[in-house]
Amino acid sequence: MSLILKEKNDHILTLTINRPEALNALNKELLTIIEESMIEAEKDEDIYVVILTGTGKAFVAGADIAYMQCMSGMEAKNWAKFGSHVFSTIEKMSKPVIAAINGFALGGGCELAMSCDIRIASDKAKFGQPEVGLGVTAGFGGTQRLPRLVGIEKAKELLFTGDMIKADEALRIGLVSKVVAAETLIDEALDFAKRITKNAQLAVRQTKDAITHGMQCDIDSALAYEAEIFGTCFSTEDQREGMTAFVEKRKVTGFKNK
């Protein structure tokens, strides 16, 4: 049985994590396949947007506890570095990644969702970083990405208590951008992805790059970087077509990603 199911339509790749017997818990094999799938998607010029979701009751219920249980300190450190590397690969992809969170997104599952650009949750989804209840810390980026998304105080509350929250609370604190009925989740994610695919993809990717870069530096450096990529766009065929169509009051005939 494949650990990742793949479906590509209309420039959108849907990756479905498929380890339902373990609530899609992350072990090294699954993390490796996720990374390989993302690298393949990055290289495929026909893919504009990636949707990541899960089978069964979970998006990802966390890292595989049985897999980690007997690790030494050094083995655990290397495991955390590997998981963080995979999630950073997703975060740094030029193409947008949408997490369609169908169920439990706990521990490493919440951290995986946070490495994606947009998070759309089923009304059945639940979120949390329960690691302290297991005697460990979040190790795949939870202590770093969660404060950036929901603020330091709320992140500390969730990380210190290990509390699990429902989708509506995740929406309220800004952890997800939208909550939808479970039966419409994939359709909603596909609709969102299609709204991205109709735009100039070079501009979409430059926009993602500017945001990712800017969040890691001071505002003046970020604004200078934004000006650089704005100028770069003016050497593209897409810019000429987009602005000419606007001036001529017509629809864009089709962006060429050039």
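Along segment 131-138 the Karplus relation, 6.51 cos²θ - 1.76 cosθ + 1.60 evaluated at θ = phi - 60°, assigns HN-Hα couplings of 4, 4, x, 10, x, 9, 9, 4 Hz to successive residues, with x for each Gly and Pro.
Pairs exceeding 23 Å between alpha-carbon atoms, taken from Lys126/Lys156; Lys95/Lys256; Lys124/Lys178; Lys154/Lys208: Lys154/Lys208.
For the chain, the dipole from Cβ point charges (+1 on Lys and Arg, -1 on Asp and Glu) about the Cα centre works out to 320 debye, to the nearest 20.
The mean accessible area for residues of segment 42-131, using a 1.4 Å probe and ignoring ligands and nucleic acids, is 38 Å² per residue. Assuming charge only on the beta carbon of Lys and Arg (+1) and of Asp and Glu (-1), the dipole of segment 19-116 about its Cα centre is about 340 debye to the nearest 20.
Counting only residues at least eight positions apart within a chain, or on another chain, the aspartates and glutamates with an alpha carbon under 17 Å from that of Lys77 are Asp64, Glu111, Glu131. Apolar share of the accessible surface for segment 1-131: 53 percent from carbon plus sulfur atoms, 1.4 Å probe. Projecting label points 7 angstrom from Cα along Cα→Cβ for Phe230 and Lys6 puts them 3.8 nm apart. Along the charge dipole of segment 1-121, which of Ile12, Gly73, Phe87 sits closest to the positive end, that is, farthest toward it, with unit charges on the beta carbon of Lys, Arg, Asp and Glu (+1, +1, -1, -1)? With unit charges placed on the Cβ atoms, the residue in question is Gly73. The phi-based Karplus calculation (6.51 cos²θ - 1.76 cosθ + 1.60; θ = phi - 60°) puts the 3J(HN,Hα) values of segment 162-179 at x, 4, 9, 10, 7, 4, 5, 6, 4, 5, 4, 8, x, 6, 10, 9, 7, 10 Hz, whole numbers, x for Gly and Pro.
Only protein atoms count toward the accessible area here, which uses a 1.4 Å probe; on segment 155-258, the carbon and sulfur part of that area reaches 58 percent. On a per residue basis, segment 142-242 carries 60 Å² of accessible surface, using protein heavy atoms and a 1.4 Å probe.
Just in segment 26-107: which GluC sites (Glu not before Pro) are loop by DSSP and have at most 10 other Cβ atoms within 10 Å?
Details: sites: Glu29, Glu35, Glu36, Glu40, Glu42, Glu45, Glu75, Glu91; in loops: Glu45.
Here the GluC sites (Glu not before Pro) that fit, given the DSSP loop and packing criteria, are Glu45.
Fully extending the segment from Thr137 to Asp191 would add 15.8 nm, taking 0.36 nm per residue of separation and subtracting the current Cα-Cα distance. Couplings for segment 55-67, taken from phi via the Karplus curve 6.51 cos²θ - 1.76 cosθ + 1.60 with θ = phi - 60°, read 9, x, 8, 10, 6, 8, 7, x, 6, 6, 5, 4, 5 Hz in order; Gly and Pro are left as x. In this structure, the amide hydrogen of Ala25, modeled 1.01 Å from its nitrogen in the peptide plane, lies closer than 5 angstrom to those of Ala61, counting only residues at least 5 positions away or on a different chain.
The values are calculated or read from the model by the stated rules, or taken from the named source; none is laboratory data. What you are looking at is a predicted structure, and each value in this text was computed from that prediction instead of being measured. With ideal geometry, Cβ positions are generated from the backbone for all residues, glycine too; neighbour counts draw on all protein chains shown. Areas reflect the complete protein model, heavy atoms only, side chains present, ligands, DNA and RNA absent. Shrake-Rupley method; radii C 1.70, N 1.55, O 1.52, S 1.80 Å.
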